[in-house]
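Peer 1: Sharing a structure with you now.
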Amino acid sequence: MLGVWLLLWGSLALGGRADTAFLHRAHDSTGHCTYSFTVASPVEAACPEAAGGVPELRAELAALGARLSRLESRERGMGGSGPRGAEAGGAQQSQPIAPHPLPIPTSGVSARAFLIPSPAPQQWGDAGDLANLGDQSFSEGELNTWGGNRVSGAGSLPRARRGGGAGSAPAHPVPDPAAAPRWEPQPLTYQELQSERTEVPVSRLLDEAALGSPGSADSAGCGELVWVGEPVVLGRADSIAGKYGVWMKDPAPVPPFTRDTTWRVDAVGTEVRQLFQYEEAEQLGRGYPAKVHILPRPLESTGAVIYRGGLFFQPRHSRSVARYDLRGETITAEREIPGAGYHGQYPYSWGGYTDIDLAVDETGLWVIYSTESARGAIVLSKLDPETLEIRRTWETNIRKRGVANSFIICGTLYTVSSYSAPNATINFAYDTATGSSRALSIPFENRFRYLSMLDYNPSERRLFAWDSFNMVSYPVRLSRA
């Protein structure tokens, strides 16, 4: 009966053309019987679907398919080891990322973690007490190095570049290594992990481990310092946390580290705990660490060194020296230096709480300091690198506050006359073999006018220095003994 009424209604609606109406009966999704009918359109002679579908709908579906393909391609890229390339289907390039390093502990494998930052605006906390600066002061311009916002040394991580596997192309244009990177922590919205394994020949490891062993001083060809070349800039820190700092290489590394592994500490701040690890010096220059170690105790000033797989440093507000194991990431030894001045009692002339300064040369590990009994003169002690026990001590006649910095080559202490004069000199030498000192006048250039760290690396025969935000190195020449 219902079908009759539907046919009749269709005939009336079409002016009596009942032969053009078609009745359909079928079950709907709920199981009920549903009647429907179709009639010829008074405007169109046939349904558009019969001609291949609505063009707008087909275009929309094609766009949706392309978008899904891009998303799937990106999903696959997240699991790979290479950088993300062009998106599927000839679509536009994926948005470049500004990666950011995280401390990812590994065993035998160097790992990197990268984070895509959110476009949200950044806010910085107050710098607070810049405790490691000694009697130094800052101008308003220095405290506003980053866009007028004060920053603190601890807790900020430098920006890093996405690292691909061997032979892979970068995901975005590579910055000029000479350009100073801007280091700003970003809100984290996405994380991608990537690992790389580096194989080192056994012969190379044995050769590296040989340095620092008994007799190595003779094989290295020791002599007296006769010349220091012009400084070579490896990198620059733009934040106020990096005005003073220390950068290092291990002259006697232990696996998985090599002589190319480079380390750095920005020494401005109340809680200096971050030790940045780089696979090589080129990474240091670009500011992209492979890992960040968070030290169990904050260190003081710029006197730290890396030697035989350990970071040797002075814990803050103490006259002690500690060893931080780079593989186990724990402090394995700590010993007080008897009578040593600390926290501004006997610093170098530039200040910065540089009372206790560690050094490495062809013969081993040293500590440079002063005591009340020495009346401010430099005291040298040879340390056991495992236990930090003092093996022997020398007291010089060189006033510690009267020199800008010092280093040791082949058992001889050398001092620098000024931390700020562009044409300074290596002005004194103290020979521990003879117990005598002598005046020198070897030209030494302070290119950036604020030398806060100076150490000798015996494996490279170079001086490493930190000069007002800049990490530099100097070639040296020794005369044959």
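Peer 1: After finding the eigenvalues of the alpha carbon gyration tensor for segment 372-429, what semi-axes result from the square roots of 5 times each, listed largest first in whole Å? Numbers along the way, then the final one.
Peer 2: Details: eigenvalues 114, 40, 17 Å².
Equivalent-ellipsoid dimensions as semi-axes: 24, 14, 9 Å.
Peer 1: Contour minus end-to-end for Ser479 and Trp227, with contour as 0.36 nm per residue of separation and end-to-end as the Cα-Cα distance? Working shown, then result.
Peer 2: Working: separation 252, 0.36 × 252 = 90.72 nm, distance 0.91 nm.
Extra length available between Ser479 and Trp227 comes to 89.8 nm.
Peer 1: Normalised radius of gyration for segment 378-481, please: alpha carbon Rg relative to 2.2 N^0.38 Å, two decimal places.
Peer 2: Working: Rg = 14.0 Å, N = 104, 2.2 N^0.38 = 12.8 Å.
It is 1.09.
Peer 1: Around Thr371, what is the net charge, scoring Lys/Arg as +1 and Asp/Glu as -1 over all other residues with Cβ under 15 Å from its Cβ? If you can, show how the numbers build up before the last one.
Peer 2: Numbers: positive: Arg319, Arg375, Arg399, Lys400, Arg401; negative: Glu336, Asp355, Asp357, Glu372, Glu395.
Summing Lys/Arg as +1 and Asp/Glu as -1 gives 0.
Peer 1: Shifting gears a bit: At R0 = 35 Å, how high is the FRET efficiency between Thr434 and His317 if r is their beta carbon distance? Nearest 0.05 is fine.
Peer 2: 0.45
Peer 1: Straight-line reach from Lys291: which lysines have a Cα under 28 Å away, not including same-chain ones fewer than 8 places off?
Peer 2: Counting by Cα, and skipping residues close in sequence, Lys291 has these lysines nearby: Lys243, Lys249.
Peer 1: Can you check how the C-alpha radius of gyration of segment 223-307 compares to 2.2 N^0.38 Å, as a plain ratio? Before the final figure, lay out each step's value.
Peer 2: On the way: Rg = 13.8 Å, N = 85, 2.2 N^0.38 = 11.9 Å.
Compared with the compact-globule rule of thumb, segment 223-307 sits at 1.16.
Peer 1: Let me ask you something else. Mind checking which lysines have their Cα closer than 21 Å to the Cα of Lys400? Skip sequence neighbours fewer than 8 apart in that chain.
Peer 2: The qualifying lysines are Lys382.
Peer 1: Nearest 0.05, what FRET efficiency do Asn423 and Glu280 give at R0 = 35 Å with Cβ-Cβ as r?
Peer 2: Values: r = 32 Å, r/R0 = 0.92.
Given R0 = 35 Å and the Cβ-Cβ separation, E is 0.65.
Peer 1: Quickly work out the Ala66-to-Thr332 label distance, labels modelled 7 Å from Cα along the C-beta direction, and quote it in nm with one decimal.
Peer 2: The two pseudo-label positions are separated by 5.9 nm.
Peer 1: Separate question: For segment 299-368, what is the Kirkwood estimate of the hydrodynamic radius, computed as the reciprocal of the mean inverse distance between distinct Cα atoms, to one decimal in Å?
Peer 2: On the way: mean 1/r = 0.0815 Å⁻¹.
After inverting the mean inverse Cα-Cα distance, the result is 12.3 Å.
Peer 1: Also: How many times 2.2 N^0.38 Å is the alpha carbon radius of gyration of segment 272-429?
Peer 2: Cα-based Rg divided by the globular estimate yields 1.04.
Any read-out appearing in this document is the output of simple, stated calculations on the displayed coordinates, not a laboratory observation. Note that the structure is a prediction, hence the values are computed from the model and not measured. No Cβ is skipped: glycine too gets one built from the backbone with ideal geometry, and neighbour counts run over all protein chains shown.
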